[in-house]
Structures are given as C-alpha cells and as structure tokens.
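What follows is a set of notes on a single structure, which appears directly below.
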Amino acid sequence: MNMKVGIRAHDFGQLPLEELARKVGERGFRSVQLALAKALSDIDSTTGKLSPGLANHIAEAFDKQGVRIAILGCYINPVHPDPEQRRQEIRRFKEHLRYARDFGTSIVATETGRRDTFRGESPDGYAEKAWSIFRDTVSELAEEAEKWGVIFGIEPATTLNVSTTDDMLRIMEEVPSTNIGVVLDPCNLLDADNVARQDEVIERAFAALGDRIAAFHAKDILTQPKFGTYTGLGQGVLNYPLFLKRVRELKPHVDILLEGLTLDNMDASVEYFTKVWNEAQ
C-alpha cells in the first residue's frame with residue numbers, strides 16, 4: 001500500500017495561490033491541509049468572502065499540480081473570552097463547513113482553545129468554565145456540520161481543552177454527533193510527564209478513538225533543551241514505527257499531513273517517513 005503523503009500548506013509560508021500549489025506539487029506532496037488565511041497571500045478569505053466559485057478556483061489550482069485538499073484548517077478559538085469575537089469565529093468556521101465540499105474535502109478542523117483561558121476571572125473553576133463554553137461551541141458547530149454532511153475535525157493537544165484521549169471521548173459523549181471526527185497528532189498527546197510511556201499513550205489513542213479518526217498530523221519533537229521543539233521527522237523522540245504500524249493496520253488510505261517542517265528538512269523527512277511506512281508491515 002503506497003502512502004501519498006501530504007503537508008500543511010502554510011509550512012511553505014504564505015504565498016500566492018499558483019506559486020504555493022506549484023511548490024507543494026514539486027516537492028512530491030499529494031495532499032494539503034489548507035488554512036486559507038495562513039497559506040494564501042493573494043486571496044481574501046475573510047468571513048463572508050467564500051463561495052462555491054472561489055472554493056473551486058482554489059481547488060483547481062492545486063489539482064493542476066496533482067494535489068488534493070484533504071483538510072480545511074480553520075483554527076478558531078472556540079472559548080474566546082470575548083463573546084462577540086467568539087461569535088465571529090464561529091461564523092467563520094460555519095462558512096468553512098458550508099463550502100468544504102466545494103474545496104474537494106469533507107473535513108474542517110480546529111484545535112480546542114486553552115483550558116486556562118478563564119484562570120484570571122475564575123481561579124477555582126476556570127477549567128470547567130472553559131469546558132462548558134467549549135461544549136456549547138462544539139454542539140453548535142457539530143449541528144452545522146450535520147447540515148452539510150461534512151466532518152467537524154477536532155485536534156487534541158496538551159494544555160488545550162481537549163488535551164488527552166479521555167478528553168476527546170468526553171466531548172464526543174457530551175455532544176453525540178457522528179459528524180465529529182478526530183485529527184490525531186500523536187506528538188500533541190505527549191508532554192514532559194508522559195513521553196517516557198509514549199507507546200502506551202499512542203496505543204490508547206488508537207484503541208479508543210480509531211473508529212473516529214478522520215486524518216493524522218505527523219511531526220517530530222525534541223525533549224531537550226525544552227520539550228516540544230519541532231524537528232525533522234526521525235530526528236526527535238516520536239516512535240514512528242509504532243505510529244505508522246497502527247495507521248497501516250487501522251486506517252488504510254487515511255490522509256497523513258506532515259507538519260512543523262522547514263524547507264530545509266522537508267525532503268529528508270519525507271524520505272524517513274516513506275522508509276518507516278514501507279517497513280511497517
């Protein structure tokens with residue numbers, strides 16, 4: 001089984017559409033996670049500007065280079081402390097959900113906002129306050145995703161509201177919409193306290209979330225001098241043989257988007273990824 005590996009488009013920087021699509025294709029990537037505002041310098045994607053025609057125009061530029069848009073990244077803050085700003089970000093995410101299929105994808109993804117957002121005003125109950133607001137936002141966005149038949153992708157990450165596999169299970173139980181999917185990045189589940197038992201963390205994520213995983217992110221991290229610094233794939237601590245073995249077993253042909261790379265380490269990272277993938281029989 002050949003893996004057509006992808007990448008976050010904005011890891012190439014913010015560029016004009018045609019140039020970005022060409023650079024992605026020239027590097028051999030066959031899919032992207034496209035965060036419009038982060039990646040495209042010549043297209044106004046502010047709320048209200050999207051349309052089926054604009055989405056088709058963007059998708060066609062990538063398609064000409066043999067690249068498919070696997071995920072629309074729309075990284076809002078679902079627990080923004082300013083209710084008016086939060087409402088604006090929810091409107092933006094709903095617009096992405098509405099036009100996702102015109103981009104050729106069925107996944108719109110975000111992270112989950114910091115759990116300590118309200119520490120200053122609610123020092124004793126800040127985590128549950130953030131969770132309550134997060135749950136309300138997820139419920140509203142999941143309902144919108146259902147209307148358009150697309151996947152609302154949630155990416156767990158330490159320090160955020162959904163920081164663990166158990167947190168992901170909790171939100172899917174509290175908002176029981178099958179349109180919620182998981183964008184899983186195993187590095188995002190690791191911190192200084194659990195990295196030594198990362199195999200257990202990875203196995204737990206696959207066992208508990210496997211049927212709801214819609215796509216993967218793949219990066220690598222260092223533990224020194226500070227935990228979590230991005231590095232080229234194979235240069236950090238992530239157990240890639242275990243990670244990719246489980247992907248092959250459980251999610252054939254899933255989209256895997258590399259991230260956290262630089263132009264200098266992209267080629268070596270793809271070479272490493274491909275080698276481990278082919279060995280993960």
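Annotations
- In terms of packing, defined here as the mean over residues of other Cβ atoms within 10 angstrom, the peptides 54-62, 167-175, 31-39 line up highest first as 31-39, 54-62, 167-175.
- Net charge over other residues, Cβ less than 14 angstrom from the Cβ of G125 (K, R count +1; D, E count -1): -1
- Each peptide among 123-135, 183-195 gets the average number of other Cβ atoms lying within 10 Å of its residues, and from highest to lowest they stand as 183-195, 123-135.
- Looking at region 6-279, the DSSP beta bridges with both ends there are about 15 percent antiparallel.
- Using the Stokes-Einstein relation with a Kirkwood hydrodynamic radius computed over Cα pairs, the translational diffusion coefficient of region 6-279 at 10 °C and a viscosity of 1.306 mPa s comes to 83 µm²/s.
- With 0.36 nm allotted per residue and the present C-alpha distance subtracted, the D136-R101 stretch has 10.1 nm of extension available.
- CD proxy at 222 nm, helix term only [per DSSP H run n ≥ 4: -39500 (n - 2.57); per residue of the chain; nearest 500]: -12500 deg cm²/dmol
- Projecting label points 7 angstrom from Cα along Cα→Cβ for E271 and Y75 puts them 2.9 nm apart.
- Cross-link table K129/K251; K64/K226; K49/K251; K94/K275; K38/K219; K64/K275, entries beyond 30 Å C-alpha to C-alpha: K129/K251; K64/K226; K49/K251; K94/K275
- Counting Lys and Arg as +1 and Asp and Glu as -1 over every other residue whose Cβ lies under 14 Å from the Cβ of V182, the net charge comes to -3.
- Binning the C-alpha pair distances of region 1-123 at 5 Å intervals from 0 yields a P(r) profile of 2, 11, 20, 22, 17, 11, 8, 5, 3, 1, 0 %, listed from the shortest bin outward.
Rule-based calculations on the coordinates, nothing more; no lab input. None of the values given here were measured: they were computed from a predicted structure. All Cβ positions, even for glycine, are placed from backbone atoms using ideal geometry, and neighbour counts span all protein chains on display.
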